[in-house]
Amino acid sequence: MRRRFVLLLLLGGLCALTGWMTSLGRVGFFMMAPPAKLLEALKEHLQIVLSAELLAVVAGIPLGLALSRRSFRRGAPILSAVTSVGQTVPTLALVGVFSILMGLGWRSAVVALGVYTLLPIVRNTYAGLVSVDPRVKDAARGMGMSAWQILWRVEIPLAAPLIMAGIRTSTVLNVGSAAVAGMIGAGGLGEIIMTGVSLRLVEMVLQGAAPTAALAILLDHLLEGVAATATPRGLRLALRRGDS
Amino acid sequence: MIELRDVTKVFPGGTQAVDGVSLDIGEGEFCVLLGPSGCGKTTTLRLINRLVPLTSGKITVGGHDVSTMRVTTLRRRIGYAIQEIGLFPHMTVAQNIATVPRLLGWRRRKRRERVRELLDLLGLTPVDEYLHRYPAELSGGQRQRVGVARALGANPAILLMDEPFGAIDPITRERLQDEFLRIQREIHKTVVFVTHDIHEAIKLGDTIALMKEGRLIQHATPSQLLAQPADDFVRGFVGTDRTLKALRLTNVREIMDAEPTVIGEEETLAAARQAMDAVGRTALPVVDAGGAFLGWIERATASEGGSDPVASRVTPYAVLGSPGMPLNEAVALMLESATGNLPVVDDERRLVGVVTFDRLFDQLRQSSAERVAPKELP
């Protein structure tokens, strides 16, 4: 309850800050982004985030799944290496590389962000599937479930909380990283921030940064709710009791 | 029902887990695979439903070579129960039990009926209270019952059980064993049951297959195993107290004196003394007009007062036996009570017999005689 209160306070503060900055209208010679432009940027930002996230989920879950299979287990150390190194690569560099490969614009930003935020999903999917009690899998096998049935009816439901946690981490990561996309002309709130930086206008930087942070908090909170409903009830009870 | 012929399993690392085991398990037989850890008993069990692939040899189930059957078909025909942890935590009790019926494509109504039937059979009643609970909401013993119910889901003719009562406290385990025996008498499955607990093996098994280092050392009835160990390993494994363990296999009814000399409560002490002298006992059971057991009359307390009724000097009883009680429990009770006599009563407290140490020694002498003339395998 207290957490929710702090969250709401923070969210309110950030929205107020955005409103205030927008209401300035003009600072010195420069025009702040008008409300319509700000909304447009927010919409673009959300589009980039959701597209990149979709890409990351669609590619990341099967990848994590494949790595968790017995025959691919040998790939697991490579995965952990890629994951830890991958996340030290600056988003800026990745977006830059993709803009060179695929040209400036929305598409290369989405692909770059998708690749970048793939890692938490792959890692969590893998971890979730590997952590399923081998005795539970043995029972499923012993009762005559096929490999697919075990995957769909047993492993994925049991790994769901961890997979959802990966998606959540990756989404939040995405909201922040998507600001960089403004640099390669993909639009979004990053564009306002970049303009503010080049004009040395703190007010404009804030006008772009505050709604970005608000969006991250909001999505995180929404996904927390989704994760809770994705966790099977029986599992929730077991986790609460601290059983394996 | 299940035949193993020269079955061998060598794991990829080179470990020989099972080494040339041949074993016949008859229909309706409860066969316990027993042995120290690492003896290959679990591997042997898992070879039957092909959870472990065979290296060489042949296994047939109901006349069919298991290696020629589709593996999922084979497994759906054989019940499989492991320790309680094997339940699906994200499924309700009903969903867990209906796992195999669902795989077999049973209709919803048929599945539901089967689940209710099994919950009832395993004593998880009232049924409605358990249907929609999750494993996390059950006690260890209840989870194990659900595990057994799940193995029985599609009514398979064969059950494979891998230490199903291993992770349960001793008191609950004892109760589950008793109940499982009762259920087995009703359903007559062919059961292969893995344990390392000799007491469990003796209590549950029609036969015991004792294994060591991947080899089958002896396959025999519990009494045969105890009376006639095949070699020093078996002798050591069943323990030096094997004679005492054998007591578990006999119950009170079989050795009690079913027509003991009794004395009515309204008779006189003089008559009691006379009766004691006649049978050469120092104590006699006292019963009322309806045959209900009241206690003992002892020579020491009945030595004087010839015309007083027996009722005035009755020593209350300290222990009571029942006809179905295994002898090991009866002996414990007799040692506890100073008289060395165990009165055996029925459900209405009527005296139906008496066990004395003399009768017990006769029984022990008989079981050592069995070492010379063993019983046939069933």
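Observations on the model:
- Single residue of the stretch B:287-328 satisfying the filter (touching a helix residue (DSSP H, G or I) at 6+ places or on another chain (Cβ under 6 Å), small (Gly, Ala, Ser) and buried (at least 18 other Cβ atoms within 10 Å of the Cβ)) that is nearest to B:Val352 (Cα to Cα): B:Gly321
- Check on A:Leu50, within 13 Å of the chain's Cα centre (by Cα) and of a type in the set (A, V, I, L, M): yes
- Output for the stretch B:96-132, where each listed residue is part of a loop (DSSP other than H, G, I, E, B) and either free of Cβ contacts under 8 Å to residues at least 40 places away in the same chain or over 14 Å from B:Ala149 (Cβ atoms) (or both): B:Leu104, B:Gly105, B:Trp106, B:Arg107, B:Leu124, B:Thr125, B:Pro126, B:His132
- Residue list for the stretch B:73-120, filter: within 12 Å of chain A (Cβ to nearest Cβ) and of a type in the set (Lys, Arg): B:Arg75, B:Arg76, B:Arg77, B:Arg102
- Residues satisfying the stated conditions in the stretch B:329-348, i.e. surrounded by fewer than 16 Cβ atoms within 10 Å (Cβ to Cβ) and either of a type outside the set (Asp, Glu) or not in a helix (DSSP H, G or I) (or both): B:Ala332, B:Leu335, B:Ser337, B:Ala338, B:Gly340, B:Asp346, B:Asp347, B:Glu348
- Residues of the stretch B:157-167 include at least one that is of a type in the set (Gly, Ala, Ser), within 12 Å of chain A (Cβ to nearest Cβ) and surrounded by fewer than 18 Cβ atoms within 10 Å (Cβ to Cβ).
Residues are listed down the side, and each one gets a yes or a no for (1) in contact with a Lys or Arg (Cβ under 6 Å, 6 or more places away or on another chain); (2) under 30 Å from A:Pro35 (Cα atoms); (3) among the polar types (S, T, N, Q):
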| residue | (1), (2), (3) |
| --- | --- |
| A:Val136 | no, no, no |
| A:Trp148 | no, no, no |
| A:Gly176 | no, yes, no |
| A:Ala181 | no, yes, no |
| A:Val197 | no, yes, no |
| A:Met204 | no, yes, no |
| A:Ala210 | no, yes, no |
| A:Thr231 | no, no, yes |
| A:Arg236 | no, no, no |
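- The residue of the stretch A:210-244 that is farthest from the other protein chains (Cβ to nearest Cβ), among those that are under 30 Å from A:Arg26 (Cα atoms) and touching a Ser or Thr at 6+ places or on another chain (Cβ under 9 Å), is A:Ala210.
One line per residue, one yes/no per condition, for (1) out of contact with any Leu (no Cβ under 8 Å at 6 or more places or on another chain); (2) hydroxyl-bearing (Ser, Thr, Tyr):
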{"position": "B:Arg108", "(1), (2)": "yes, no"}
{"position": "B:Arg111", "(1), (2)": "yes, no"}
{"position": "B:Leu119", "(1), (2)": "no, no"}
{"position": "B:Pro126", "(1), (2)": "yes, no"}
{"position": "B:Glu129", "(1), (2)": "yes, no"}
{"position": "B:Arg133", "(1), (2)": "yes, no"}
{"position": "B:Ser139", "(1), (2)": "yes, yes"}
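- B:Thr42 being part of a helix (DSSP H, G or I) and either away from chain A (no Cβ under 14 Å) or modelled with pLDDT under 95 (or both): yes
- Any hit, the stretch B:137-148, residues being farther than 16 Å from B:Gln83 by Cβ, among the aliphatic types (A, V, I, L, M), crowded, with 20+ Cβ neighbours inside 10 Å and within 13 Å of chain A (Cβ to nearest Cβ): no
- Residue match in the stretch B:108-128 (condition: under 27 Å from B:Glu213 (Cβ atoms) and surrounded by fewer than 16 Cβ atoms within 10 Å (Cβ to Cβ)): no
- Boolean, A:Ile163 is within 14 Å of chain B (Cβ to nearest Cβ) and within 27 Å of A:Ser51 (Cα to Cα): yes
- Test for B:Ser367: is it of a type in the set (Ser, Thr, Tyr), modelled with pLDDT under 85, out of contact with any Gly (no Cβ under 8 Å at 6 or more places or on another chain) and part of a loop (DSSP other than H, G, I, E, B): no
The values are calculated or read from the model by the stated rules, or taken from the named source; none is laboratory data. Treat the numbers as computed from the prediction; the structure is a model and nothing was measured. Please note: Cβ atoms are built from the backbone with ideal geometry, for glycine as well, and neighbour counts cover all protein chains shown.
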